[in-house]
Amino acid sequence: MAIGSRPVGDGAPLFLIAEIGSNHNADLALACELVRRAADAGADAVKFQLFRADFLYPANAGVVDMPGGPADLREIFLEYALPPEWLHELRALASEEGIAFLCTAFDEETLGAVAALDPPALKIASPELNHLPLLRRAARLRRPLVCSTGLSTLADIEEAATTIREEWEDAELILLQCVSAYPLPPEESNLAVIDTLRRAFGVPVGLSDHTMDAERTPAIASAVGACLIEKHFTLDRTYPGPDHPFALVPEELGRLVRTIRRLDDLDLGERMTWIRSEYGDEAVDRILGNGRKEIQRAEMPLYPNDKRSIHALRDIAAGETLSPDNVRVLRSERNLSPGLHPRYWELVCGAVTTKAIPNGQGVSWSALLRRPG
């Protein structure tokens with residue numbers, strides 16, 4: 001398949017995304033400078049994130065530990081949200097700089113705003129891989145879909161892929177091996193999963209890399225056939241914000257690009273020979289892992305709470321009818337209990353509660369089903 005004018009997959013040069021995410025710090029000048037510096041470093045694309053705090057977490061999700069320190073989730077996502085009115089300017093700048101512009105959407109409305117930019121691909125983040133209503137909407141747009149698989153098992157990925165293909169039979173799908181920890185210890189990258197996913201789903205597979213490695217982990221991913229790699233990108237790791245501490249700075253991104261382009265000229269066997277010589281067998285084997293797609297130790301604190309589930313938007317009394325006015329598909333985070341899987345969204349909407357559901361809590365079957373007798 002292709003992302004814009006660039007072929008992606010077997011035999012094609014690796015596609016490298018500089019993930020700016022929220023590292024613009026709500027400063028348009030900084031966002032533009034990040035685009036320019038990513039282009040100067042040789043990245044193939046920049047990627048931002050378009051999210052709305054009210055459509056990510058319940059308002060009472062509370063304070064959690066983040067890479068930059070403890071933070072109130074609602075406040076931090078309000079503070080670092082990308083203003084939608086920036087999108088066209090950033091896309092135009094990326095085009096001027098000769099790189100692709102991508103933007104992750106997190107709900108149906110932000111997906112519509114991203115789709116209006118005519119993007120070369122759509123990105124689905126790991127916690128949204130089980131947001132089946134969002135996946136259906138994205139599939140209907142008939143754009144290449146790049147889906148991260150952190151916090152997911154093979155069964156989770158299969159359900160997501162099946163949902164996408166129900167809407168788009170010949171979906172152009174790229175899966176990214178991902179472990180949702182920030183930063184990720186390289187030895188938990190489990191890069192052998194790249195081949196597992198390729199064989200299991202018959203699609204191109206890449207890596208969403210959250211390690212601090214500027215070259216080693218991405219290079220090993222290239223040697224096991226990754227078609228695409230995304231790395232978080234910043235101008236300065238000391239900037240305030242949740243994602244700066246584990247992001248690459250421009251000089252590191254440039255080194256990564258040069259390493260990847262050297263490897264592009266080698267076949268997979270030659271790449272692995274060079275990598276083992278460069279980094280040593282022991283380190284390479286630890287980073288390759290066992291190839292089983294399972295929840296890694298580093299992401300256990302987020303599983304399953306950072307996945308999507310159905311939550312109350314306010315205090316809901318017994319006897320109320322559930323609808324998008326009082327429930328929503330959200331992440332739980334660590335202070336709240338997850339609710340029903342989003343696969344039940346259509347079933348939950350229209351159901352009548354049998355007991356009260358506190359604001360922010362997950363909707364459970366016990367709140368919808370009466371006990372006999």
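Just to verify a number: FRET efficiency for Asp27 and Thr273, C-beta to C-beta distance, R0 = 56 Å, to 0.05?
With R0 = 56 Å, the Cβ-Cβ based efficiency is 0.80.
Could you tell me the number of lysine pairs in the chain with C-alpha atoms less than 25 Å from each other, where the two lysines are 8 or more residues apart or belong to different chains?
Lysine pairs, 8 or more places apart or on different chains, close enough: 10.
Roughly how far apart, in whole Å, are the Cα centres of segment 226-254 and segment 117-196?
21
Using a simple charge model, +1 on the beta-carbon of Lys and Arg, -1 on the beta-carbon of Asp and Glu, nothing else, what dipole does the chain show about its Cα centre, in debye to the nearest 20?
Around 940 debye, computed over the chain.
What do you get for the angle between helix 87-97 and the principal long axis of the chain? Use alpha-carbon atoms, 0 to 90 degrees, nearest ten.
The answer is roughly 10 degrees.
Expressed as an acute angle from 0 to 90° and rounded to the nearest 10, what is the orientation of the C-alpha long axis of helix 250-264 relative to the principal long axis of the chain?
Once rounded, one gets 70 degrees.
With a cap of 16 neighbouring Cβ atoms within 10 Å, and only residues DSSP puts in a loop, list the trypsin sites (Lys or Arg not before Pro) found in segment 1-70.
Answer in residue order: Arg52.
We did not get these values from a lab; they are worked out from the coordinates using the rules stated. Because the structure is predicted, anything quoted here is derived from the model rather than measured. All Cβ positions, glycine included, derive from the backbone under ideal geometry; neighbour counts span all protein chains shown.
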